[in-house]
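Trainee: Sharing a structure below in structure tokens format, with a few things to ask.
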Amino acid sequence: MSYSQFIRRSVSLVLIIAAVIGLGLLIVRVYPILILGLLSWIIAVGLGIPINFFRRKGMRRGTAILLTFLLTIVVGALFIRLVLPALVAQVNSLVTELPQAGESAVASYIDLRASSETLAGFLPEFSVEDYRTLLDTSTNDATFDLGNLAQSALPLIANVGSFLVDIALNLFLIFFLTLYFMLDPLIYYRIVIALTPVEYEARALEVLEKVRKTVIVWVGSMVLEITITAIMVTVALGLVLRLPNAIALGVLAGVGNIVPYIGYWAALIPILVIAAAAGGPSLALLAFVFYFVIGIIEANIILPANIGNSLKVPAAVILLFQGIAGTVLGFWGVLLAMPILAIITTLLRELLVYDALGKRGRIPQIVETPDGELMLSSSIIEPSLPGITPPPGVEAE
């Protein structure tokens, strides 16, 4: 290599590194706008489900959009009229009663522990005074954390006014971004294709469509999951166990599904506290059993029957990505971790595994011998097949 070639390559490398660093710094500065744009696009794609349904019935796009907006307004009005008053009242009651209910639950725990020497030796000691100390510490920390949450959730408009003004301005921006994405989404997709080399245009459109379908599946699954979970938990707690504030607890459990695994099971804590305060450990145990069974039915029967394996991502990967997204993006990262992960997974599969590595149609299998040794199986599985027959003496993973 000549000296001039070395200089040119060195300068090119420095420029590439500088461009990457500059792009990273730019993304860090403008990521709130990008996150709001992503959220608006996800909402627009989700609203595209009923719009396309009406279009298949022969309606024009403008009429379908108008009808979707009207139905959204009607559903929102019905929710505000029929559900919201009871929900607000129960949420207020839940917030007011939860500390006292926690104290009653601790008293029930103390009685249970004192009822048997075996339980006293097995269960850790926890007094009402310990609970009050923990509650005071949590309350003080919660005030500080709420301020951090507000700054993380609404970073777009800083030092403009009150918290409510920030919320209103962000919702205003999300509304109009969603509207523009929904009115004519092809404009924005054409921009992506226009920036793609001619020979890759068809493939770029195919990948773009797969990403869009992934978002549609996620939106549909979230709406289904939240609705079914909220109804089932409300019925189980309110009609069967007769717990107070069942609507608020059911909505909390349903909304918790937005954050996979963590959100759903975190909603179990106030349910157990209310149940223990209302009927002691036995009622808390029944509430746990009902809640656990509902989670199993929803995760293993209802959702797979509607979405199949379209969003099948290992649980550990989801939890790790939630932590990373929350650390990097704050509140929005936790809220949008699953759709972002689904989009990244789709892009990695299509662009890296299929295109770059050439593994379309052949997925090598890993098997484990009875001695615990991992091996590559000689069998190759087509992506459409549910599994393979492992070699003799090994167990497929």
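Coordinate-derived values only; no laboratory data. Keep in mind that this is a model prediction, so the values were computed, not measured. Cβ placement follows ideal geometry from the backbone for every residue including glycine, while neighbour counts extend to all protein chains displayed.
Trainee: Just from the alpha-carbon atoms, what are the Rg and Dmax of segment 31-292 in angstroms?
Mentor: Cα-based Rg and Dmax for segment 31-292 come out at 23.8, 78 Å.
Trainee: Near LEU347, within a Cβ-to-Cβ distance under 14 Å, what is the net charge of the other residues, with Lys and Arg +1 and Asp and Glu -1?
Mentor: +1
Trainee: For ASP355, ASP130, which order do you get if you count the other beta carbons within 10 Å of each Cβ and list the fewest first?
Mentor: ASP130, ASP355
Trainee: Continuing with the same structure: Sticking with the crude label model, points 7 Å out along Cα→Cβ, report the distance from ILE49 to LEU13 in nm, one decimal please.
Mentor: Those two pseudo-labels are separated by 5.0 nm.
Trainee: So, by mean Cβ neighbours within 10 angstrom, what's the order for 237-243, 174-180, 44-50 with the highest one leading?
Mentor: 44-50, 237-243, 174-180
Trainee: Please report SER12, SER93, SER40 as a ranked list, fewest other C-beta atoms within 10 angstrom at the top and most at the bottom.
Mentor: The order, fewest Cβ neighbours first, is SER12, SER93, SER40.
Trainee: I would also like to ask the following. Ranked highest first by average number of other Cβ atoms within 10 Å, how do 79-86, 99-106 line up?
Mentor: Put in order of decreasing packing, that is 99-106, 79-86.
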